[in-house]
Amino acid sequence: MKKSSSRIAREGYPFLVPPLCLLVLGWAVHMPWLLWTGCGLFAAIAAFFRDPSRVIPAGPGLVVAPADGKIVAIEEIAAAPFVNKPMRRVSIFLSIFNVHINRLPVAGTIKHLAYHAGKFFVASFEKASEQNERHVIHMEDEAGRDIIVTQIAGLVARRIVSYLHEGDRVARGKRFGLIRFGSRVDLYLPLDCELLVKRGDRVCGGSSLMGRFS
């Protein structure tokens, strides 16, 4: 496996300007505490917006994690968004220490997108899936199966970013957006998908296997 590299997501650039200014000012006026404050803030923000490359698993029928984080819930839902049929929902909680770049779980076509305004409960709470601000993505994989991904804002998150458009043809593991400062991502899978994770597991977006179709 090749060694991964990392970059900073472009959405993080504006947030790096203030600490960079503090850093330069602290150096210019010889104020060490200001210099180190700027350095610390710059490093923290750069770490939050880091965008590491990932090795995407190859093979038919594989489903990869749409986000980094911890699996906090797995349950069967009677009527999944858009398709209104039973599916299995796997919820991933992202703390502020996780990579927040989101990746597509399968290759296929973006069928529908929907943004829902909502509340900002702690993203690990079960009610966050239905009541928080969220962006819902309905995909159809290359075999015609429905896959749904929901980006959910959390207690601190106030901005959901998506690069997708309806009708897009996309690849497995492709970056498709991010959620700023703590969040949750729900993945809805057909009931005949073999689940390869359990509650409490930690996953990496784009590289960890979530499920497999036979």
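Give me the pairs: first residue in the range 166-193 and touching a residue at least 60 places away in the same chain (Cβ under 8 Å) and under 22 Å from Leu209 (Cβ atoms), second residue buried (at least 22 other Cβ atoms within 10 Å of the Cβ) and of a type in the set (D, E, K, R), beta-carbon distance under 7 Å, and six or more apart or on different chains, which are they?
Qualifying pairs under 7 Å: Gly173/Arg103; Lys174/Arg103; Arg175/Arg103; Phe176/Arg103.
Restricted to the range 39-59, and to residues that are surrounded by fewer than 14 Cβ atoms within 10 Å (Cβ to Cβ) and modelled with pLDDT under 80, which residue is farthest from Gly211 (Cα to Cα)?
In this case the residue turns out to be Ala43.
Please determine, by comparing only the residues of the range 69-127 that are basic (Lys, Arg) and modelled with pLDDT under 85, which one is nearest to Gly177 (Cα to Cα).
For the range 69-127, the residue satisfying everything is Lys119.
Does Ile147 meet the test of being modelled with pLDDT under 95 and surrounded by 18 or more Cβ atoms within 10 Å (Cβ to Cβ)?
So Ile147 does not fit the description; no.
Answer with yes or no whether Gly200 is at pLDDT 90 or above, touching a strand residue (DSSP E or B) at 6+ places or on another chain (Cβ under 8 Å) and outside any strand (DSSP E or B).
yes
Anything in the range 73-94 that is touching a Lys or Arg at 6+ places or on another chain (Cβ under 8 Å) and surrounded by fewer than 18 Cβ atoms within 10 Å (Cβ to Cβ)? List them, or say none.
Scanning the range 73-94 gives Ala73, Ile74, Glu75, Glu76, Ile77, Ala79, Phe82.
How about the range 15-71: which of its residues are part of a helix (DSSP H, G or I), out of contact with any strand residue (DSSP E or B) (no Cβ under 8 Å at 6 or more places or on another chain), under 30 Å from Val136 (Cα atoms) and not β-branched (Val, Ile, Thr)? Give the steps one after another, and end with the answer.
Here is the first cut: in the range 15-71, the residues part of a helix (DSSP H, G or I) are 15-28, 32-48.
Filter once more, so that each one left must be out of contact with any strand residue (DSSP E or B) (no Cβ under 8 Å at 6 or more places or on another chain): 15, 17-28, 32-45, 47-48.
With the extra rule that they be under 30 Å from Val136 (Cα atoms), the set shrinks to 15, 44-45, 47-48.
If the condition is that a residue be part of a helix (DSSP H, G or I), out of contact with any strand residue (DSSP E or B) (no Cβ under 8 Å at 6 or more places or on another chain), under 30 Å from Val136 (Cα atoms) and not β-branched (Val, Ile, Thr), then Phe15, Ala44, Ala47, Phe48 are the ones that fit.
State whether the residues of the range 11-32 include one that is touching a residue at least 40 places away in the same chain (Cβ under 8 Å), within 25 Å of Ile160 (Cβ to Cβ) and not assigned by TED's automatic domain parsing to the domain that holds Thr150.
Yes, because at least one residue in the range 11-32 is touching a residue at least 40 places away in the same chain (Cβ under 8 Å), within 25 Å of Ile160 (Cβ to Cβ) and not assigned by TED's automatic domain parsing to the domain that holds Thr150.
Can you pull out every residue in the range 74-93 that is out of contact with any Leu (no Cβ under 8 Å at 6 or more places or on another chain), under 15 Å from Asp192 (Cα atoms) and among the β-branched types (Val, Ile, Thr)?
Within the range 74-93, just Ile77 meets the criteria.
Output the residues belonging to the range 20-38 that are more than 28 Å from Arg175 (Cβ to Cβ) and surrounded by 13 or more Cβ atoms within 10 Å (Cβ to Cβ).
Selection gives Leu22, Leu23, Val24, Leu25, Gly26, Trp27, Met31, Leu34, Leu35, Trp36, Thr37, Gly38.
The values are calculated or read from the model by the stated rules, or taken from the named source; none is laboratory data. Computed from a predicted model, the values in this text were never measured in an experiment. All Cβ positions, glycine included, derive from the backbone under ideal geometry; neighbour counts span all protein chains shown.
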